[in-house]
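FYI, it's all coordinate maths here, none of it is from the lab. Computed from a prediction, not measured in an experiment: that's the story for all the values here. When we count neighbours, we look across all protein chains shown, and the Cβ atoms used for this are built from the backbone with ideal geometry, even at glycine.
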Amino acid sequence: MREYKLVVLGSGGVGKSALTVQFVQSIFVEKYDPTIEDSYRKQVEVDGQQCMLEILDTAGTEQFTAMRDLYMKNGQGFVLVFSITSMVTLTDLHELKEQILRVKDADQVPMVLVGNKCDLEEERAVSREQGMMLSQKWGGKPFYETSARFKINVDEVFYDVVRQINKQMPMNKDKSKKKFKCLIL
């Protein structure tokens with residue numbers, strides 16, 4: 001079974017932990033408790049393939065930025081989360097995206113842009129169009145609006161990153177099988 005290392009990034013309070021826990025355990029975490037770093041594992045099936053996802057839920061607070069390079073280096077796919085109720089959380093993602101590309105030394109990295117808290121429509125500060133424009137500016141990265149509270153688009157976000165990893169790094173099915181040619185006389 002193939003393993004995937006996914007990293008969830010974004011400012012403090014955008015709902016990174018709520019999204020991750022909702023995906024892994026189908027529970028909505030109401031209380032905000034700043035994360036330092038939490039790791040979760042979940043076996044899922046994506047496009048008929050069994051996958052083991054190792055999801056790193058990261059700190060959104062500035063005091064833990066020194067750890068970022070390490071998990072960016074080890075991560076294969078990234079979920080960049082902002083809150084639709086806060087424009088500053090969207091602008092904070094620019095720096096994170098650039099840091100990922102710098103650490104990975106790559107132009108393209110499997111990544112999804114996520115506008116969380118879409119259930120708080122009356123508090124919306126970031127339009128859906130602004131999220132879509134940013135995703136286009138980032139080279140057409142997938143953009144989802146999610147609600148961890150109501151499990152809207154939560155699974156889709158993580159499955160999308162897995163699909164991007166599969167596209168970028170296809171698994172060689174013949175890797176473990178040696179090919180022998182038989183000569184018939």
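Computed values, structure above
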quantity: Restricting the range 1-84 to GluC sites (Glu not before Pro) in coil, as DSSP defines it, with at most 14 other Cβ within 10 Å; calculated: GLU30
quantity: Contact order relative to length of the range 2-168, as percent, for alpha carbon pairs under 8 angstrom and 6 or more apart; calculated: 26
quantity: Distant-in-sequence amide H partners of THR146 (H built 1.01 Å from N, under 5 Å); calculated: GLY115, ASN116, LYS117, CYS118
quantity: Cα-centred dipole magnitude for the range 2-168, charges only on beta-carbon of K, R (+1) and D, E (-1), debye, nearest 20; calculated: 340
quantity: Pairwise Cα inverse-distance average, inverted: Kirkwood Rh of the chain (Å); calculated: 17.2
quantity: Mean separation of Cα contacts under 8 Å, 6 or more apart, over the residue count of the range 1-79: relative contact order %; calculated: 45
quantity: Cross-link reach list, aspartates and glutamates versus LYS167, counting only Cα pairs under 20 Å and skipping chain neighbours closer than eight places; calculated: GLU3, GLU45, ASP47, GLU54, ASP105, ASP107, ASP155, GLU156
quantity: Helix runs (DSSP H) in the chain reaching 18 Å along axis by Cα, Kyte-Doolittle at least 1.0; calculated: none
quantity: The range 1-98: trypsin sites (Lys or Arg not before Pro) in DSSP loop, at most 15 other beta carbons within 10 Å; calculated: LYS31
